[in-house]
Amino acid sequence: MSADSSAVRRRMELLPITAVYQASAERSAALELVIGGCRVQALAEQFGTPLYCFDAATLDAAANQYRAALSRWYPAASAVTYAGKAYLSRAIVRWAQRHDLWLDCTGAGEIGIAVAGGAPRERILVHGVNKSDEDLDAAVMYAGVIVVDNLMELQRLALRLRSAQNRPSLWLRLRPGVAVDTHVYRQTGQEDSKFGMSPQEVLQAAHFCQEHGLPLNGLHFHQGSQFRDPAPIGLALHVALDLAAELSASGWQMEALSPGGGWGVAYHEDELPHPEIETYVRFVSQAVVEGCRQRNLPLPSLHLEPGRSLMARAGVAVYRVGAVKQTALRRWLFIDGGMADNPRPALYRARYSALPVTNPERPCIGPAWIAGPYCESGDVLIEALPMPDLAVGELLVVPMSGAYHLAMQSNYNGARRPAVIWLERGEAILIQRRETLVDLLARDVDL
Ligand SMILES: Cc1ncc(COP(=O)(O)O)c(C=O)c1O
């Protein structure tokens, strides 16, 4: 049997609505996809396509799992920081406040969104590998914590903090020399990564802070994104805790420790089940507790920094089929979105699943290549996915679309960014309107 036909068979055996869809996804009696109590067909008619839909219940469940696992496994203070780079808007900031989440902001733009959404200073944490003056000014003005990437940045910060009214706490970003197992573009903890400081530089930076009376109180590292095996975190924790032990000899106490985020999700049915948040939190908590015990260190406040594992499953993208084409080797289904709203397949060859919105249980007729309208041969969202016969005008949903789609979207070929809606208890609220031609022209200056 060919790979394609076994994939078709596997797909025929699956329930169409699997755990890659939002927790609230169901099929109505009229054989239509319903999310968050709303008919997807009706949402597409009301808001147009492409359309991104976030399900509040799925987001809430993920945040609650993190909080519950931390309180079960970590015996000292802890916090969950939502990595805003996965997708940030004012509505998401408000949602994060509901759950007492901190916000990880990269640069002045994300800080601005966090402030506009009402995030308090003490829950804004700022990252960035090459923070501009504007980024540093915004961080000093609005953040509770700045994670320092390098020694030069530390010197620039020292100048600002001398005269600042507010003095955010500083954490040092360690490059532990160990990455997690993931796509090479998503690894960040390896020895030659562009992120963070070597252990030696961390010591130098800590001594600089001591000499200049800077408010250093934490260490941070992040080894990469979309991993399932937590073991490399244990290795990196050894490096971080050895540094904390060495620095404690000179009188510095590590009050906060963050091993970053990056816990993975299943994007496609083949990858189910989702890696369990509980497994990750238990591993990290136990490793920190044991590592501190071995070094006689007091337990720091533990900060986890997830983005994808909070946000990805809560979002689906809804597209409309515009054309169907058969070429020598494949059946193409053309939809009205693609690499402009989801660059992940083109960047990392990320794999996705999809379902028709009406009558999702129709038999598959064979694999389809689901492609976008953009002028790139790489604008193919999904390759070789078993699909039923779909007519022009039908709707498709792509699950696991909540993280790193909208955050990385572009105006390629004049694409106007899609509308985004929030689904909660049967109600749909527009949280980001669709871009218009006026938006596309807003920055232009006519000659
Ligand atoms: C410093 C830092 N923290 C947290 C994250 C979140 O990663 P993820 O969305 O995979 O959880 C990232 C992602 O790149 C990151 O760079």
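Does segment 266-276 hold any residues that are within 14 Å of the ligand (Cβ to nearest atom) and surrounded by fewer than 22 Cβ atoms within 10 Å (Cβ to Cβ), and which are they? Result: 266, 274, 275.
Scanning segment 425-447 for residues that are of a type in the set (S, T, N, Q) and not in a loop (DSSP other than H, G, I, E, B) yields a total of 1.
Answer yes or no as to whether residue 189 is on the phi < 0 side of the Ramachandran plot and either within 15 Å of the ligand (Cβ to nearest atom) or part of a loop (DSSP other than H, G, I, E, B) (or both). Judged against the criteria, residue 189 is a match. Here is a check on your reading of the model: is residue 17 modelled with pLDDT under 95 and β-branched (Val, Ile, Thr)? When the stated conditions are applied, residue 17 passes them. Put simply, of 326, 294, 286 the only residue that is modelled with pLDDT of 95 or more, over 27 Å from residue 418 (Cβ atoms) and not assigned by TED's automatic domain parsing to the domain that holds residue 236 is 326.
Scanning segment 204-231 for residues that are more than 14 Å from the ligand (Cβ to nearest atom) and either hydrophobic (A, V, I, L, M, F, W, C) or closer than 13 Å to residue 260 by Cβ (or both) gives 205, 206, 208, 209, 214, 216, 231. Within segment 116-135, the only residue that satisfies the criterion of being over 18 Å from the mean Cα position of the chain (by Cα), of a type in the set (A, V, I, L, M) and surrounded by 21 or more Cβ atoms within 10 Å (Cβ to Cβ) is 119. Scanning segment 395-418 for residues that are farther than 11 Å from residue 342 by Cβ and either among the charged types (D, E, K, R) or not in a loop (DSSP other than H, G, I, E, B) (or both) yields 395, 396, 397, 412, 413, 414, 416, 417. Set side by side, the residues 235, 257 differ, and just one is within 16 Å of the ligand (Cβ to nearest atom) and at pLDDT 95 or above, which is 257.
The values are calculated or read from the model by the stated rules, or taken from the named source; none is laboratory data. In this text the structure is predicted, and so the values were computed from the model without any measurement. Because the Cβ atoms are built from the backbone with ideal geometry, glycine has one as well, and the counts that use them run over all protein chains shown.
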